[in-house]
1. In which sequence would 178, 60 go, from the one with the fewest C-beta neighbours within 10 Å to the one with the most?
2. Using a Gaussian network model on the chain with a 10 Å cutoff between Cα atoms, which of 135, 124, 35 fluctuates the most?
3. Figure the gain on full extension for residue 102 and residue 154 (residue separation times 0.36 nm, minus the Cα-Cα span) and round it to one decimal in nm.
4. Fewest Cβ neighbours within 10 Å first, please rank 94, 7 accordingly.
5. Given a Förster distance of 25 angstrom, what is the FRET efficiency for residue 176 paired with residue 63, based on the Cβ-Cβ distance and rounded to 0.05?
6. Can you list the DSSP H helices in the chain whose Cα atoms extend at least 20 Å along the helix axis and whose mean Kyte-Doolittle hydropathy is -0.5 or higher?
7. Work out how much length residue 85 to residue 2 would gain on full extension: take 0.36 nm times their residue separation and subtract the Cα-Cα distance, in nm to one decimal.
8. Considering the chain as a Gaussian network with a 10 Å cut-off on Cα pairs, which listed residue, 81, 49, 29, attains the greatest mean-square fluctuation?
Amino acid sequence: MAHSSTMEKLGSPAPGFELQNFNTGYSKNLVSLDTFKNYPALLIAFICNHCPYVIHIRDSFLSFSNEYESKGLGVVAISSNDVLSYPDDSPEKMRVDSLKYAYPFPYLFDENQEVAKAYCAACTPDFFLYDKERTLVYRGQYDSSRPKNSIPVTGEDIRKATETLLNGEKIPAEQLPSMGCNIKWKKGAEPDYFFK
């Protein structure tokens, strides 16, 4: 069953984090919010290896990340799934996937799931775009494409929001939620918003 994003309040500050990076193609082992302090914009994406919704947009999202990093967008991907129940999302498999598909961003493992909870992340993929002050300006879908709905994957929504932000303009508050597999919470550790 597909879950949609919680649509965290716009203007919320980005919660801090420091997590281990499992993309060995990216130089840093530990990555924090401060790692991106020189970027005028930051996109945090909660993804995982096995989710068909993530796989569906993966090639497009990698192209988008490569294109926009040169324009000033920092990108970080975080996997928060319970790897005991979903071993395909283990750090070892994260390392394999990030190298196989040449991820241009760090791929972080949120082992205790506290970072996902701090961001009110609910699904994979779930996107959070922050301005230079690290206040939330966009949260929602990559685009309207989903597995099996035959709409082409373009990244239209994220592209439009990112372009608007980098041009110093205000992103419209009317935003559509992301949709995907729910984050695989550890048994008994589900956040309150999971049940809403």
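1. In order of increasing Cβ crowding within 10 Å: 60, 178.
2. 35
3. Taking 0.36 nm per residue and subtracting the Cα distance, the gain is 16.8 nm.
4. The fewest-first ordering by Cβ neighbours comes to 7, 94.
5. With R0 = 25 Å, the Cβ-Cβ based efficiency is 0.70.
6. 52-69
7. 28.1 nm
8. Maximum fluctuation in the GNM of the chain, among the listed residues, is at 29.
Where a number appears in this text, it was derived from the coordinates with a stated rule and is not lab data. Here the structure is a predicted model, which is why all the values come from computation and not from measurement. Cβ sites come from the backbone with ideal geometry, for glycine too, and all protein chains shown count toward neighbours.
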